[in-house]
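For reference, the structure is listed below as structure tokens.
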């Protein structure tokens, strides 16, 4: 089952979920997108979005579909967009709940010492002495700073460690080497 006008597509291998379609917006086929990031540059930089149905609730389509975005712009606390395939409110409403993915390759290049969270997840973290601190499981935004949430084991039991992702504690990030070096001790 496909929403009117959308073509089934293969989800790119580097697809990253960046938001979800909340509802139709207006009567000319625009729709409202709730981004997963406070800085949704990926939604603006890519003109090819891939949709998957919501994991819960009513599903108006199945499998991945390609959406060719004409325009996306900020509007209050969300993003509104229009696409070539969506030309009226009914078509936009059929997308409600859809998960939005874009190819990681279409993200804008991050500035020096800036990183996309998706690139940090899974990296190994060691301290200056080379002791393993854990692996980045997720990141939390605490307002003024971001916190690395690390998973590690102690005596065979899963544990969690949090380290502020700020220059005072993070010495280096080596994306190709998949490693972060921190000024932190295991007993902190």
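Is one or more of the residues making up the stretch 175-186 assigned to a loop (DSSP other than H, G, I, E, B), at pLDDT 95 or above and out of contact with any strand residue (DSSP E or B) (no Cβ under 8 Å at 6 or more places or on another chain)? Taking every residue of the stretch 175-186 in turn, at least one turns out to be assigned to a loop (DSSP other than H, G, I, E, B), at pLDDT 95 or above and out of contact with any strand residue (DSSP E or B) (no Cβ under 8 Å at 6 or more places or on another chain).
Among the residues of the stretch 150-170, those that are more than 14 Å from residue 124 (Cβ to Cβ) and in a strand (DSSP E or B) comprise 154, 157, 158, 159, 160, 162, 164. For the stretch 1-115, which fully contained strands (runs of 3 or more DSSP E) count at least 3 residues that are within 16 Å of the chain's Cα centre (by Cα)? By residue number, 15-25, 30-35, 48-52, 99-103. The number of residues in the stretch 27-41 that are more than 19 Å from residue 115 (Cβ to Cβ) and in contact with a strand residue (DSSP E or B) (Cβ under 8 Å, 6 or more places away or on another chain) comes to 7. Going by the structure shown, is residue 159 over 21 Å from residue 17 (Cβ atoms), at pLDDT below 90, touching a strand residue (DSSP E or B) at 6+ places or on another chain (Cβ under 6 Å) and not assigned by TED's automatic domain parsing to the domain that holds residue 16? No; evaluated as a whole, the condition is false for this residue.
Filtering the stretch 13-24 to residues that are crowded, with 20+ Cβ neighbours inside 10 Å and more than 25 Å from residue 105 (Cα to Cα) leaves only 24. Within the stretch 116-140, the set of residues being part of a loop (DSSP other than H, G, I, E, B) and farther than 22 Å from residue 153 by Cβ comprises just one member, 116.
The values are calculated or read from the model by the stated rules, or taken from the named source; none is laboratory data. Predicted model, so just to flag it, every value in this text is computed and none were measured. Virtual Cβ from ideal backbone geometry, glycine too; neighbours counted across all protein chains shown.
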